[in-house]
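Input: a single structure, listed below in structure tokens.
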Amino acid sequence: VSPAGPSPACSIHVYTQREVYGTVGSHVTLSCSFWSSEWISEDISITWHFQAEGSRDSISIFHYAKGQPYIDDVGSFKERMEWVGNPRRKDGSIVIHNLDYTDNGTFTCDVKNPP
């Protein structure tokens with residue numbers, strides 16, 4: 001009998017654009033596509049974080065879970081964000097409308113496909 005070790009983790013590969021440029025007052029699509037060797041479960045979750053330029057802290061600005069998009073109630077994005085993704089098509093993209101100078105920073109797309 002061989003000892004039962006931890007089951008191997010199946011990775012998810014997430015793809016985003018390295019840099020995205022927009023004009024103040026316009027909108028920009030932040031694309032996030034992903035690939036998994038496993039089927040996309042009903043429990044898939046997608047979270048977008050924002051770290052302002054020059055800041056050490058990042059905040060959660062968007063979350064998709066249990067088949068529903070949730071725009072976080074904090075920060076300056078709550079009135080300007082649109083979910084355009086479709087997890088069944090391996091897409092977790094969002095649109096930010098009415099761009100402002102303060103939107104400069106790093107946006108991170110995090111995808112989890114349990115188990």
Requested in this report: Would you check if there is a residue in the range 87-97 being at pLDDT 95 or above, touching a His at 6+ places or on another chain (Cβ under 8 Å) and not in a loop (DSSP other than H, G, I, E, B)?
Outcome: yes
Report summary line: Quick count over the range 32-70, residues being surrounded by 15 or more Cβ atoms within 10 Å (Cβ to Cβ), in contact with a Phe, Trp or Tyr (Cβ under 8 Å, 6 or more places away or on another chain) and either in contact (Cβ under 8 Å) with a residue 60 or more places away in the chain or over 19 Å from Asp103 (Cα atoms) (or both), is 11
Query raised in the report: farther than 20 Å from Tyr15 by Cβ and polar (S, T, N, Q) - does that describe any residue in the range 39-47?
Result: no
Report task. Look through the range 98-115, keep the residues that are in a strand (DSSP E or B) and free of Cβ contacts under 8 Å to residues at least 60 places away in the same chain, and return whichever of them is most open to solvent (accessible area, probe 1.4 Å). Result -> Thr106
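What's the total number of residues in the range 64-81 that are of a type in the set (S, T, N, Q) and farther than 13 Å from His49 by Cα? Give the steps one after another, and end with the answer.
Within the range 64-81, the first condition is being of a type in the set (S, T, N, Q), and the residues that meet it are 68, 76.
Checking the rest, the ones that are also farther than 13 Å from His49 by Cα come to 68.
Qualifying residue count for the region: 1.
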Report summary line: Of the candidates Ser45, Ser41, the one satisfying the condition of being at pLDDT 95 or above and of a type outside the set (A, V, I, L, M, F, W, C) is Ser45
Query - Candidate set from the range 72-86 (those that are open to solvent by 40 Å² or more (accessible area, probe 1.4 Å) and modelled with pLDDT of 90 or more); member that is farthest from Ile44 (Cα to Cα) - result: Glu79
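Listed here are the residues, each with its yes/no results for (1) in contact with a strand residue (DSSP E or B) (Cβ under 8 Å, 6 or more places away or on another chain); (2) not in a strand (DSSP E or B).
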| site | (1), (2) |
| --- | --- |
| Phe34 | yes, no |
| Glu42 | no, yes |
| Trp48 | yes, no |
| Asp57 | yes, yes |
| Ile61 | yes, no |
| Glu82 | yes, no |
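The values are calculated or read from the model by the stated rules, or taken from the named source; none is laboratory data. Since the structure is predicted, the reported quantities are computational estimates derived from the model, not experimental observations. Glycine also receives a Cβ, built like all others from the backbone with ideal geometry; neighbour counts cover every protein chain displayed. Note: areas computed on protein heavy atoms with side chains; ligands, DNA, RNA excluded. Shrake-Rupley method; radii C 1.70, N 1.55, O 1.52, S 1.80 Å.
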